[in-house]
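The numbers here are math on the coordinates, done by the rules we state, and not lab data. Remember, it's a predicted structure, so these values are computed and weren't measured experimentally. Cβ sites come from the backbone with ideal geometry, for glycine too, and all protein chains shown count toward neighbours.
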Amino acid sequence: MRSVVRGILLGTALVASVSTARAQGVASNLRELQLLVRPGETVTVTDAQGREVQGQIQTLSPSLLALSGRSGRRAWTEVDIVSIRQRKSDSLWNGALIGLAVGGGVGIAGGIAATEDNKNEKGWVPFLGALYGGIGAGIGVGIDAMFRDDHEIFRSTSAPQRTEVGLVPLLTPKRQGLLVSLAF
């Protein structure tokens, strides 16, 4: 019975540690950028001198990007822009699913452990899994709602590419390991 509880806890920990991959387009010219954003949306531009300017898109054409921000109106041609980022909210679904899995796993494992000696009370296990799963889903949605990320939506082809390394621990009772992911 303890191996079942350990397996549920291990599975719950793995689900909680997995990061989600999002499909996202990164434009390499202003013509492609027109497919990703519209006038009125807020973006942050990093220019060739390394300055960052945040503002609302006023004009977006294949040859020009103009923003209106706190410092007034600024315009750039494509060669003057290194990158453009846009702040987006994370989807709440992945937080709900991860919270449901973690909470449900904890509820089931706790119910199995608590009723290990008394087989007549095993009927509480699904109820505890559903109850804790619902609580976990609510917590997951709340956590996801707090986070907003800047996503790169434009990168000049002459700008250096960004490289990311991700590490996720993999633990089982008999083996330990590390999942390594590279993005470039």
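Per-structure values
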{"item": "Simple label model, 7 Å out from Cα along Cβ direction - Ser63 to Asp47, nm", "result": "1.9 nm"}
{"item": "Global form of the range 22-67, assessed from the alpha-carbon gyration tensor, a/c cut-off 1.5", "result": "rounded"}
{"item": "Phi to ³J(HN,Hα) by Karplus 6.51 cos²θ - 1.76 cosθ + 1.60 over the range 114-124, Hz, x for Gly, Pro", "result": "6, 9, 4, 7, 10, 5, 6, 9, 5, x, 6"}
{"item": "In Hz, Karplus ³J(HN,Hα) per residue of the range 34-45 (6.51, -1.76, 1.60; θ = phi - 60°; x = Gly, Pro)", "result": "4, 7, 9, 9, 10, x, x, 7, 9, 9, 10, 9"}
{"item": "Order of Lys174, Lys88 - criterion: other Cβ atoms within 10 Å of each residue's Cβ, fewest first", "result": "Lys174, Lys88"}
{"item": "Added length on full extension, which subtracts the Cα-Cα distance from 0.36 nm per residue, Thr172 to Ser91", "result": "26.1 nm"}
{"item": "Ranked Ile84, Ile135, criterion: other C-beta atoms within 10 Å, fewest first", "result": "Ile135, Ile84"}
{"item": "Spin-label pair Ala114/Arg31, simplified geometry with 7 Å Cα→Cβ offset, distance in nm", "result": "6.4 nm"}
{"item": "Cα gyration tensor category, rounded, prolate or oblate, for the range 46-88 with a/c compared to 1.5", "result": "rounded"}
{"item": "Added length on full extension, which subtracts the Cα-Cα distance from 0.36 nm per residue, Trp124 to Ala75", "result": "11.2 nm"}
{"item": "Rounded if a/c under 1.5, otherwise prolate or oblate - the range 87-176, Cα gyration tensor axes", "result": "oblate"}
{"item": "Amide H partners (placed H, <5 Å) of His151, local residues excluded", "result": "Gln86, Arg87, Lys88"}
